[in-house]
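Here's the structure we're looking at; comments come further down.
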Number of protein chains: 2
Amino acid sequence: MNLSDIHSPADIKGMDAEDLMLLSARLRTVLINKLAARGGHVGPNLGVVEATVALHYVFDAPKDKIVFDVSHQSYVHKMLTGRIDAFIDPAKYGDVTGYTNPRESDFDLFSMGHTSSSLSLACGLVKARDIAGGDENVVAFIGDASLGGGEALEGLDTGGTFKSNFIVVVNDNQMSIAENHGAVYEALRELRESNGMSPNNIFRNFGYEYLYVREGNDLRELVKAFSAVKGSDRPVVVHINTMKGLGLPVAEVEKEKFHWHVPFDMKSGAALNPQRSLSYPDLFARQMLRKIEEDNRIVVLTAGTPGAIGFTAERRAAAGDRFVDVGIAEQDAVAMAAGIAKGGGRPVFGVMATFLQRAYDQLSQEVAINRLPVVAVTFGTGVFGIPDETHLGFFDIAMISNIPGILLLAPSTPQEFEEMIDWTLEQDEVPVVVRCPTYPFESETRVLPEKFTGPSYRIVEEGSRVAIIAEGGFLGRATKAAALLREEGIAPTVVQARMLSDVDRKVLDSLRGYDLVVTLEDGIVDGGFGQKVASYMAQFSVRTICKGLPKEFLNGYNASDLLKSLGLMPDRIAAEIKERL
Amino acid sequence: MNLSDIHSPADIKGMDAEDLMLLSARLRTVLINKLAARGGHVGPNLGVVEATVALHYVFDAPKDKIVFDVSHQSYVHKMLTGRIDAFIDPAKYGDVTGYTNPRESDFDLFSMGHTSSSLSLACGLVKARDIAGGDENVVAFIGDASLGGGEALEGLDTGGTFKSNFIVVVNDNQMSIAENHGAVYEALRELRESNGMSPNNIFRNFGYEYLYVREGNDLRELVKAFSAVKGSDRPVVVHINTMKGLGLPVAEVEKEKFHWHVPFDMKSGAALNPQRSLSYPDLFARQMLRKIEEDNRIVVLTAGTPGAIGFTAERRAAAGDRFVDVGIAEQDAVAMAAGIAKGGGRPVFGVMATFLQRAYDQLSQEVAINRLPVVAVTFGTGVFGIPDETHLGFFDIAMISNIPGILLLAPSTPQEFEEMIDWTLEQDEVPVVVRCPTYPFESETRVLPEKFTGPSYRIVEEGSRVAIIAEGGFLGRATKAAALLREEGIAPTVVQARMLSDVDRKVLDSLRGYDLVVTLEDGIVDGGFGQKVASYMAQFSVRTICKGLPKEFLNGYNASDLLKSLGLMPDRIAAEIKERL
């Protein structure tokens, strides 16, 4: 059988165990080729080839409902559900995304990308099935450290009370993105080491029947286990012990590095197009290591994504007990940061902007109400962040800037980024979020004329009649647009909104006689800093235009095309200002 | 010793067991008197009198750090830490709040009010202590169903990995606000029933040593247990079995009703000033019960607060399996609602606005990205919600209206509230949040001229030159202000912003030639609907004023005074408009 003849799981139902093993081997080869050429979640998908084949062999999707947690481990699922061409044919590599998406296939139940939601979503499917009197299996496939997230534990808690079919497959590859953190993983280890026999069983504690599969990459074992639980009338956990990165030697060894990887050389594992420019996460980690040496109160926290904030294994070792990885548990990270601050430490939480959403309430309650000097530094912000609808980094200004008592700062250059962090650590009055730009539009090396000494707007260029006010990420667009306008005899005032959580009344008052104010932000306009400016200027009838990103879940966009279509290129900004004047 | 001579825990250190028991009895009597007169968290505090006395007898606060989860169980703690007069002297009853607050006492570590945060906060205190080389005990006191919340489980997970002192007291009163939900509570039951001996031990699973106290209201037992763990060099759980409401017969029997209660008659338990007006939660629950009968896809969800959404025990029984209480786990509730919608059900999640903050990410990811027709109905919104800084209901517009793809509706009357819910259940295109007003300013019985048929602004009164645009909660202020202005020859156009997540361009375009637009919202101005209107009007240079609440954590405010100080009374609104014209 040609792989391209697999159009749906029905096409593998007649296979015997040897066929299935052969199929798995062929899928893995195809997968490695695509991963090397295009990058992606390498280790996670290589580890679940057999488990995915076994799932689709045993269960009858889409009638049976399989929810992949995070869905970053769904590549093989896509290969088996009508999308194999996107893995075989390099010309079609771009036809599928890296996550499940119902708009791509009926076999995909949800568009997902954040961790730990599969159990609760599956609980909902169970409830809907039970009130409708259905008999399909509901399966949640969770692993790769998602189990330590609060939402997953809440879902585990609810699911354990069902009196009907609910199957949880725990893919235990002994890893998170980096090493595992949290007591839950000690409990998994105990189960692995006792071959599932330890009386200390967290899943039984939560009300589940329990089945352990020691050889989680052995198709026969997996088929046996899944067949045993298919049609179960109770909640049951199948704990499978798999190997992350299986079949690609470099990924088997360097598990953290190959959790997600850009295109690479299959033999050496070297990136094909290594990044040469300065990276903000590197900058951040180096600054933090210096700070840790200087100030013994500093504690850096991550919620399971040390690499995304520049903390390589070497840097983690250098930071020692001053670096804390709580696992993928953002609520815990933020609340723990509040506790550290209360206890006299100086916590700095580095986090992807999209994942900070998980801790909205903790930012508000534990941190802001208590006025604790917690520092959060957000990465992956703005239009140049990850362009997947589940990982967008441009809702953060609207989210953070409207929580009382949190100061949101937006640097425009690496220098300002460091200065702002320095400043936040020198004060202990307010919690601060520093929004790290993703790809600086500004020249990396440009030296700012003055050091950052506190939250205010900065007058970058003095002009008249029209003002362009931009936050850090888009400041370069403002200065470039201003340069174009000056060529035409219009001299705009250019202002950098360095703080986004409030307006600088002094600066805005100086613009009261202006004909036009334009705001630019690398975030959605709704709820953003521009609307704060516009509503301030509106009381003086000053014409104000807010420019930024749309309040939409864009998916797979090209940043340049998007910016063009939104009139956010400097020439279009300049032209629009000319028209409006 | 007079109770009023207790100024700090030092004053009880010399007592023997009998003294402590006598003290507990006297504290309980005082407490019951105040609770009956002023209301509050009755059952939770009566259940922990002995535990609190024992804690302060054994540990040395404030050096030893005790974090009370939710802190609704901190009344006795307050009595023992310099604030006894606020319980003895009716004239001073108002001197303390119902929650811990560092601005009230150094013995209070955090201002808290949402559940499940104590463990993570305490983990932070542990970390800060360990890097500073301190030797104080860190104690988290958690119970009353907080343990099922994801944040608590994340904190339990992190805390279980410590190699140093961390003491968790689990106050197990066999209850949540209503009955307990979730498999964790089955695990607690198993431990209770085995007198702590079951090998199935969730706390040991999470890496804790474990001690069970069967008689959790017995001072000697508690002192013995706390003394045994004091100075522990490991994470340890003390599981105490207490009786909610102990000492007040009506509260011992009607545990749910007396979780929190308004002032009551001590004998009968009857409310002293029973509410006679129509309650929105009652309205909601009755409507939902009708819907459940009409449509077998409807499922109503709560996250541990059925009473707050009108679902009394009788109504829960009537709803049967179409009512789901997931326990205090808002993330799970929202994600499960998404799953139910995907499975063909029609989920309606009733929730206090302040607690919905816990599920920001789930609203965005699980619900909105997936465009699932989940309905959330929020209670306790706006200035007339709970005036505690931890429970404010006026940040919700800014939070929800800036999440893409969620329609936020704001009814102004009971009729409109029901019509909007009807409409949301008749469509299946978008997720909707219906923002229930808390105390309707509008007459309860006023009949709206037209039925709600979809998201748009409603022209309430046609006028000229000036427009007042109000969301539902403040619409009455707009019409009253307009009436005052008409007496002076000014005829404003009055508009109800029935949807807050987007502007109604058609209506706003019709106001382009106006001299003044004023927006009114029962929420913070920052990020609210008014700023959307202002930034829309600002592009046409129409003078716009946004009026609403400040972006601040107000605490213990009087709503009328606050509204006066903000110029939000109809006469002041009218006067301001006159001045500005």
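Give me B:F141, A:F553, B:F264 sorted ascending by neighbouring Cβ count inside 10 Å, so fewest comes first.
Details: B:F141 27, A:F553 20, B:F264 23.
Listing B:F141, A:F553, B:F264 from fewest to most nearby Cβ atoms yields A:F553, B:F264, B:F141.
Once you order the gyration tensor axes a ≥ b ≥ c over the Cα atoms, which shape class does the stretch A:448-581 get: rounded for a/c under 1.5, otherwise prolate or oblate by comparing a/b with b/c?
Details: a/c = 1.38, a/b = 1.19, b/c = 1.16.
It is rounded, given that a/c, with a ≥ b ≥ c, falls under 1.5.
Order by neighbour count: A:L121, A:L22, fewest other Cβ atoms within 10 Å first, most last.
Numbers: A:L121 32, A:L22 14.
Least to most surrounded, the residues fall as A:L22, A:L121.
How do A:E104, B:E426, B:E293 rank when sorted from fewest to most other Cβ atoms within 10 Å of their own Cβ? Each step should come with its number before you reach the end.
On the way: A:E104 18, B:E426 9, B:E293 12.
Final ranking by Cβ density, sparse to dense: B:E426, B:E293, A:E104.
With an 8 Å Cα cut-off and a minimum separation of 6 or more residues, compute the relative contact order for the stretch B:87-167 in percent. It would help to have the intermediate numbers written out before the result.
Values: 77 pairs, mean separation 24.0, N = 81.
Across the stretch B:87-167, relative contact order equals 30 percent.
Which listed residue (A:V533, A:A228, A:P347) has the Cα farthest towards the positive end of the charge dipole for the protein assembly as shown, taking +1 on Lys and Arg C-beta and -1 on Asp and Glu C-beta about the Cα centre?
A:V533
Distances from A:R234 to the same position in the other copies: list them in nm, one decimal, shortest first, using label points 7 Å from Cα along Cα→Cβ.
3.1
Enumerate the lysines that A:K34 could reach by cross-link, defined here as Cα to Cα under 19 Å, with residues fewer than 8 away along the same chain left out.
Within the straight-line limit of under 19 Å, A:K34 reaches these lysines: A:K78, A:K92, A:K244, A:K255, A:K257, A:K267.
Along the positive direction of the dipole of chain B (beta-carbon charges: Lys, Arg +1; Asp, Glu -1; about the Cα centre), which of B:L22, B:Q427, B:G304 reaches farthest?
The one lying farthest along the dipole's positive direction is B:Q427.
Would you mind checking B:K127/B:K224; B:K127/B:K230; B:K13/B:K230; A:K13/A:K224; A:K65/A:K163 for any pair whose Cα atoms are more than 23 angstrom apart?
On the way: B:K127/B:K224 27 Å; B:K127/B:K230 18 Å; B:K13/B:K230 15 Å; A:K13/A:K224 15 Å; A:K65/A:K163 18 Å.
Flagged as over cut-off: B:K127/B:K224.
Evaluate Rg over Rh across the stretch B:2-139, taking Cα atoms for both radii and Kirkwood's formula for Rh. Please list the in-between numbers first.
Values: Rg = 14.8 Å, Rh = 15.3 Å.
Radius of gyration relative to Kirkwood radius: 0.96.
Would you mind giving the mean number of other chain beta-carbons within 10 Å of the Cβ of each residue in B:400-408, as a whole number?
On the way: counts 0, 5, 13, 9, 11, 3, 1, 0, 0.
Neighbouring Cβ atoms belonging to other protein chains average 5 per residue here.
Once the label point is placed 7 Å from Cα along Cβ, list for A:E314 the distances to the corresponding points in the other copies, in nm, shortest first.
Taking the point 7 Å beyond Cα along Cα→Cβ, the inter-copy spacings are 7.2 nm.
What's the magnitude of the charge dipole for chain B around its Cα centre, counting Lys and Arg as +1 and Asp and Glu as -1 at the beta-carbon? Answer in Debye, nearest 20.
On the way: 58 positive and 77 negative charges, 139 e Å.
For chain B, the charge dipole is close to 660 debye.
Angle between the Cα long axis of helix B:414-426 and the longest principal axis of chain B, 0 to 90 degrees, nearest 10?
90 degrees
Nearest 10 degrees, 0 to 90: what angle lies between the long axis of helix A:17-38 and the longest principal axis of chain A (Cα atoms)?
Approximately 20 degrees, to the nearest ten.
Arranged from highest to lowest average of other beta-carbon atoms within 10 Å per residue, in what order do the peptides A:84-96, A:375-387, B:353-365 appear? Kindly include the intermediate steps, with their values, before the conclusion.
On the way: A:84-96: 15.7, A:375-387: 23.3, B:353-365: 27.4.
Averaged packing, sorted descending, gives the order B:353-365, A:375-387, A:84-96.
How many angstrom lie between the C-alpha centres of the stretch B:342-396 and the stretch B:44-92?
32 Å
Dipole size in debye (nearest 20) for the protein assembly as shown around its Cα centre, Lys and Arg Cβ +1, Asp and Glu Cβ -1?
Numbers: 116 positive and 154 negative charges, 271 e Å.
With Lys and Arg at +1 and Asp and Glu at -1, about 1300 debye.
Given the alpha-carbon gyration tensor of the stretch B:207-271, what are the semi-axes of its equivalent ellipsoid in whole angstrom, ordered largest first, with each equal to the square root of 5 times an eigenvalue? The partial results should precede the final answer.
Working: eigenvalues 224, 28, 16 Å².
The three semi-axes for the stretch B:207-271 are 33, 12, 9 Å.
Specify the angular offset, from 0 to 90 degrees and rounded to the nearest 10, of the alpha carbon long axis of helix B:118-132 from the longest principal axis of the alpha carbons in chain B.
The angle comes out near 60 degrees.
Each label point is 7 Å from the Cα along the Cα-to-Cβ direction; what then is the distance between the points at B:D95 and B:M15, in nm?
1.9 nm
If you project the alpha carbons of chain B onto the principal axes, what extent comes out on each, in Å, largest first?
78, 53, 53
Just to be sure I understand: chains A and B are related by a rotation, so which residue of A has its Cβ closest to that axis, and how close in Å?
A:G150, 1
Taking a label point 7 Å out from Cα toward Cβ, give me the nm distances from A:N296 to the same spot in the other copies, shortest first, one decimal.
Taking the point 7 Å beyond Cα along Cα→Cβ, the inter-copy spacings are 7.0 nm.
What are the semi-axes of the equivalent ellipsoid of the protein assembly as shown, taken as the square roots of 5 times the eigenvalues of the Cα gyration tensor, listed largest first and rounded to whole Å? Spell out each step's value before the answer.
On the way: eigenvalues 349, 328, 188 Å².
Equivalent-ellipsoid dimensions as semi-axes: 42, 40, 31 Å.
Hey, if you put +1 on the Cβ of every Lys and Arg and -1 on every Asp and Glu Cβ in the protein assembly as shown, which of A:L125, B:M1, B:G182 ends up farthest toward the positive end of that dipole?
The Cα lying farthest towards the positive end belongs to A:L125.
Take the Cα gyration tensor of the stretch A:119-260, multiply each eigenvalue by 5, square-root it, and list the three semi-axes largest first, rounded to whole angstrom.
On the way: eigenvalues 136, 52, 46 Å².
Sorted largest first and rounded, they come to 26, 16, 15 Å.
So, in Å, what gap is there between the alpha-carbon centers of the stretch A:175-220 and the stretch A:536-581?
51 Å
Tell me what chain B gives for mean residue ellipticity at 222 nm when only DSSP H runs of n ≥ 4 count, each as -39,500 (n - 2.57), the sum divided by the residue total, rounded to 500 deg cm²/dmol.
On the way: 22 runs with 207 residues, N = 581.
Result for chain B, helices only: -10000 deg cm²/dmol.
Report the Cα-based extents of the stretch A:274-393 along its three principal axes, largest first, to the nearest Å.
Result, largest extent first: 41, 32, 20 Å.
Read the figures in this text as sums done on the coordinates, not as results from a lab. Predicted, not measured: the structure shown is a model, and the values here were computed from it. Positions of Cβ are generated from backbone atoms using ideal geometry, with glycine treated the same way; all protein chains shown enter the neighbour counts.
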